[in-house]
Amino acid sequence: MQVFAPDGRELAPAVIESTEGGDESSPTTTEGVEDAWGPLPEGLAISIMAPSLNLPPVGHSAETVAPETTGGTTDTEGSAAATVRGCVVEESATPGMATYRLVATLSDGTSAEETADVTAAEGIALVDFSASVDGAQATSVAAGQAFELVWHVTPATASGYQLVLDPGGVDVTSLTATGEGQYAVKEGISASASYTLTLKSADGVQLDQKQLAVTVSEPEELAPVSATLTVTPESVFAGEPVTITVTVNGTEDGATDATGVSIVGPDGAALAEGALSATHNPTEPGNNQYQVKINGEVKDIKTVYVRGFDSLYTGVGAAVTNADKGAFFGLEQDLAGNDLSIARQTEENVAQPLKLNFIDSFLKVYTVSTNSAEFAKFNPYRVNAIAIHPSNPDLVAIGASGALYLSTKDKEGKTVYPLVEAMPYRVDGDGTHASCKGTTQKGRNAKGTGKNPFAGLLQVCDLLFLPNGGLVMAWDGGIAYHTDVAAYHKGHKEGFNGWKGLLKKENMLTGHIVNDLFYDSQGQTVYVAADSGIFKVGVEAINADAPAFGVVGNLDKPYTVAVGADGTLYAGTADGLYRSTAGGSFEAVSGVTGPVYAIAEEASVATLYVGTAKGLVVLRNGQVSTTIADKIGEEVRAIAIDPSLHDTHIYVASKKGIYFSHGSKHGGVGEKHGADTDELPLPPTPPASAPEPPVESPEVPAGAAGANSHLIK
């Protein structure tokens, strides 16, 4: 007799015992079978064949062991008819084994039997049957969503079996390898469905079966896709790059990333497709719109304002300062007759010239026999500095070649700008000398021209009003401080004797070119850029006339100095731009070459403006973003920022003229400010219709000239 497992494997060698004429009865006891089988595996099924008896196979399941199981009568060709009396499982003498005994009764009344000992072994079975979506097990799917049916057969090495999937009776045996298999339901289902997987032996006997229910989930209420557009900076100069970033929210059409996203530029052309960021260099002044679209639908729009520069004066600019009543501009110009001029911005955004009656006023302060032709030898004259009193905007100090001017009201109540300090320079020979920020002040050879000749003019390099109204003056021979400049127009007769720290030998800056001043309101400190380095002094020490200058860093011959809102100290030299480090030293700022003449910060947008010999350099977050030169010209010597208006105004003084730029709240270029055609070149004398016609400067009280004689070296 042979015993076979469902996969066709023979379970044990046959032990045949045929006894003709034996007892018709056969043992029927099953006592102890469970223990001997040890225990019977669930679902184990075997087939018993008895070739010597010429009988058909008898199926047997361990779950339905029964004595005297009659297999029926068979009549096989070449053999006598036989009746299968039963298949009995008997206890084996060997633990873990069972004896199968098959007894057959032939038609002639004789009987025969066969026995086989079978070792207990694990049968083939389905371990699991489940659904999977994208590799994750699932019990429900969306309508129409593709998924897979997954199963495992054990042992993994089993073979010779069949797997049938219902509904449909699909034979999935070939989809199973090393015990694992899957069937793709590519079109998904529209309603909940039940699946049955049946494991069969090679001859079709069912060995195992598992069922699976897959439900269709209700569609999720999805929020529409939204996208947020961020463009930085929000205001740039023409040609300066902007960065566009998209944030997508929502799950409509599965668009939670860059799928279907399009970034559109101001001209309507796509800057990027299927991306969440882009860069662009807008060139058209005014409002430039950027859009983000998803699948063609506009989701967000942002506007970037491209700033331009409008011209206020065509000529050579030397200084700018902002004021509530309009910015002031210092110019570089040749003496025309007796007159020099500064300019002031009007409400119509043009430059209104303001006369400085230089020669007559100079000669009234400093009595000397000379004429306009001799004064012309000092050309060009530069107005290097303009400062406005912190609490009295009508009080304006102007520093220039050879003179200090201070505004006042004349008898008719109009503002005039008289010379209050003449600054001659006397040497025995040519008075040409090095002056502010690398410039040269021309002189004349005054040798043998009189008992009190002067060969040159000293230059005021910078002016700074302190919060208490005191005025600090930097010039190409030192630094000075005056406690009450308003006293000039109150019968003041001391001349320069009213200045402090000008001639004191202990002042380390005496005799040096002091190029620039900067007041740090947070630290109550004045920073000084001189040809001998950078220094700082506390305001209290200045007020007490006890200035103790502290050395800052080791930069050589700085032209300008400024302190950022974050406390970073910036300095410009002939070589480039430098900034302070945590260790107290300076490091060069990459991309900015010298000379550097001016520094200004627009802290609200983390922007630094640097005036250089090659134009205006714009730094965003510490990195060079663009350099502007074509429009405004090169050699930018002064910068002023006025954030007090409806938007930020930026003023620059360059070798080409005076220019200003406004922010996005003010409208497009030319809308209010006008285009280049609205420029008003500054004439050497003001027009007759000027709102504030020039007047003669009031005479300086007698005695002032003598007091000023100490300015002559």
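The values are calculated or read from the model by the stated rules, or taken from the named source; none is laboratory data. None of the values given here were measured: they were computed from a predicted structure. Every residue, glycine as well, gets a Cβ built from its backbone with ideal geometry; the counts of neighbours run over all protein chains shown. The area values use the complete protein model at the heavy-atom level, side chains included, leaving out ligands, DNA and RNA. Shrake-Rupley method; radii C 1.70, N 1.55, O 1.52, S 1.80 Å.
Looking at Thr408, Thr415 in this structure, which one is open to solvent by less than 50 Å² (accessible area, probe 1.4 Å), touching a His at 6+ places or on another chain (Cβ under 7 Å) and at pLDDT below 90? Exactly one residue qualifies, and that residue is Thr408.
Within the range 278-297, the set of residues being closer than 25 Å to Asn249 by Cβ and open to solvent by 70 Å² or more (accessible area, probe 1.4 Å) comprises Thr279, Gln289, Asn295, Glu297. In the set (1) within 26 Å of Gly239 (Cβ to Cβ); (2) not in a strand (DSSP E or B); (3) not basic (Lys, Arg), the condition left unmet by Thr303 is number (2).
Output yes when any residue across the range 140-159 is at pLDDT 90 or above and either among the hydroxyl-bearing types (Ser, Thr, Tyr) or over 23 Å from Ala213 (Cβ atoms) (or both), and no when none is. Yes: the range 140-159 contains one or more residues that are at pLDDT 90 or above and either among the hydroxyl-bearing types (Ser, Thr, Tyr) or over 23 Å from Ala213 (Cβ atoms) (or both). Checked against the criterion of being closer than 27 Å to Thr415 by Cα, modelled with pLDDT under 85 and open to solvent by 60 Å² or more (accessible area, probe 1.4 Å), the range 626-643 contains one or more residues that satisfy it. Of the residues Asp300, Asp257, the single one that is in contact (Cβ under 8 Å) with a residue 60 or more places away in the chain, open to solvent by 10 Å² or more (accessible area, probe 1.4 Å) and of a type in the set (Asp, Glu) is Asp300. Candidates Asp339, Asp360: the one that is open to solvent by 40 Å² or more (accessible area, probe 1.4 Å) and either under 20 Å from Trp475 (Cβ atoms) or in contact (Cβ under 8 Å) with a residue 12 or more places away in the chain (or both) is Asp360. Residues in the range 163-176 that are open to solvent by less than 60 Å² (accessible area, probe 1.4 Å), in a strand (DSSP E or B) and not β-branched (Val, Ile, Thr): Leu163, Leu165, Asp166.
The set of residues from the range 569-585 being open to solvent by 10 Å² or more (accessible area, probe 1.4 Å), within 26 Å of the chain's Cα centre (by Cα) and either over 16 Å from Leu517 (Cα atoms) or among the basic types (Lys, Arg) (or both) comprises Tyr578, Arg579, Ser580, Thr581, Ala582. Counting the residues of the range 559-585 that are at positive phi and assigned to a strand (DSSP E or B) gives 1. The residue that is least open to solvent (accessible area, probe 1.4 Å), counting only those in the range 421-435 that are more than 20 Å from Ala474 (Cα to Cα) and charged (D, E, K, R), is Asp430.
Per this entry, Ser194 is counted among residues that are over 52 Å from the mean Cα position of the chain (by Cα) and within 20 Å of Glu218 (Cα to Cα).
Return yes when Ser401 is in contact with a Lys or Arg (Cβ under 6 Å, 6 or more places away or on another chain), within 16 Å of Ile479 (Cα to Cα), open to solvent by less than 10 Å² (accessible area, probe 1.4 Å) and among the hydroxyl-bearing types (Ser, Thr, Tyr) and no when it is not. Yes, satisfied.
Looking at Val164, Val153, Val185, Val170, just one residue is of a type in the set (Val, Ile, Thr) and under 46 Å from the mean Cα position of the chain (by Cα), and that residue is Val185. In the set (1) modelled with pLDDT of 90 or more; (2) within 17 Å of Gln209 (Cβ to Cβ), the condition left unmet by Ile189 is number (2). Here is a check on your reading of the model: is Val695 β-branched (Val, Ile, Thr), under 22 Å from Leu356 (Cα atoms) and modelled with pLDDT under 90? Taking the combined requirement at face value, the residue satisfies it.
Exactly one residue out of Gly438, Gly443, Gly448 is open to solvent by 10 Å² or more (accessible area, probe 1.4 Å), at pLDDT 85 or above and on the phi > 0 side of the Ramachandran plot: that is Gly438.
Here Asp516, Asp556, Asp545 are screened, and the one residue that is assigned to a strand (DSSP E or B), among the charged types (D, E, K, R) and either farther than 30 Å from Pro233 by Cα or out of contact with any strand residue (DSSP E or B) (no Cβ under 7 Å at 6 or more places or on another chain) (or both) is Asp516. If only residues of the range 586-616 that are touching a residue at least 24 places away in the same chain (Cβ under 8 Å) and not in a strand (DSSP E or B) are counted, the one that is least open to solvent (accessible area, probe 1.4 Å) is Pro595. Checked against (1) in a strand (DSSP E or B); (2) open to solvent by 50 Å² or more (accessible area, probe 1.4 Å), Thr198 meets all criteria but (2).
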